[in-house]
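**Q** My structure is below; once you've seen it, I'll send some questions.
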Amino acid sequence: MDVQANPAGYDELKRLGVSRVPAVTVGDRAAHGWNPPAYAALLGIPYTAATKHPPTELARRLDVVLDTTQQFMRIVPDKHLEWRPPERNRTFRNLGYHVFRLSLAFVDGMDLGEFPESWLLDQAPADLRDGPAIARYGALVRGRITGWFEGASPREFERVIKVYYGPQSGHDLLERTTWHAAQHLRQLYALAERLDITPPVPLPTHEFKGLPLPDALW
């Protein structure tokens, strides 16, 4: 069900204990988030996951995504920051902020051992009122994440984190964080084209290879 076209679909998801999209439902069962193994289990079909990139490579790719987002947000005109695309109820400003916040949430989750959904609902603070301010926040996030990876041992990624949609290894959570950030960067570039904004650097599509990105943009 397309809940954007049929808002009543949200009520059905909530009844099944799912508060956000994406999600897949079969009868009275649901799988939350972009979760191909859970989707396969719902449908009763076999699923073989692709080989994940090692954590060091995922960390490098995540930083590329964040660097590109930082450069892009720096040049977004103020007049477009509060615009909301029809596909999602999220402003351009909040979408840019979200790329950095969801990435910082990975580090917070690894440190605390849990990852609540509320972290992904955070809105850009009032003092991040323009593109350059969001880009500066992104620089702080990148520094925090880089420092965390420098101090992390390989065994860190074997730990199981209590994520809001189910337990995940640190490695799985890092992969999800990397493609999640990349997916939103794809959306930013698609919206830029609609608004005649010229990004300062090309979309690094070569860095998306081997990540389980959804085919659909929204």
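The values are calculated or read from the model by the stated rules, or taken from the named source; none is laboratory data. Just so you know, these numbers come straight off a predicted model, no measurement behind them. Note: ideal-geometry Cβ built from the backbone for every residue, glycine included; neighbour counts use all protein chains shown. Please note that ligands, DNA and RNA were not included when accessible areas were found on the heavy atoms of the full protein model with its side chains. Shrake-Rupley method; radii C 1.70, N 1.55, O 1.52, S 1.80 Å.
**Q** Of a type outside the set (A, V, I, L, M, F, W, C), more than 19 Å from Ser103 (Cβ to Cβ) and either within 12 Å of the chain's Cα centre (by Cα) or part of a helix (DSSP H, G or I) (or both), is that true of Glu193?
**A** Yes, satisfied.
**Q** To continue, here is another question. Looking only at helices (runs of 4 or more DSSP H) that lie completely in the stretch 55-170, which have at least 1 residues being of a type in the set (Ser, Thr, Tyr) and open to solvent by less than 20 Å² (accessible area, probe 1.4 Å)?
**A** So the answer is 55-74, 92-112.
**Q** Related question: Mind checking which pairs have a first residue in the stretch 112-125 that is of a type outside the set (Ser, Thr, Tyr) and a second that is surrounded by 14 or more Cβ atoms within 10 Å (Cβ to Cβ) and assigned to a helix (DSSP H, G or I), Cβ under 6 Å, 6 or more apart or different chains?
**A** Phe115/Gly109; Trp119/Ala105; Leu120/Leu102; Asp122/Arg101; Gln123/Asn94; Ala124/Arg93; Ala124/Asn94; Ala124/Tyr97
**Q** Can you find a residue in the stretch 200-210 that is in contact with a Phe, Trp or Tyr (Cβ under 6 Å, 6 or more places away or on another chain) and either acidic (Asp, Glu) or open to solvent by 40 Å² or more (accessible area, probe 1.4 Å) (or both)?
**A** Taking every residue of the stretch 200-210 in turn, at least one turns out to be in contact with a Phe, Trp or Tyr (Cβ under 6 Å, 6 or more places away or on another chain) and either acidic (Asp, Glu) or open to solvent by 40 Å² or more (accessible area, probe 1.4 Å) (or both).
**Q** Is it fair to say Arg186 is of a type in the set (D, E, K, R) and assigned to a loop (DSSP other than H, G, I, E, B)?
**A** So Arg186 does not fit the description; no.
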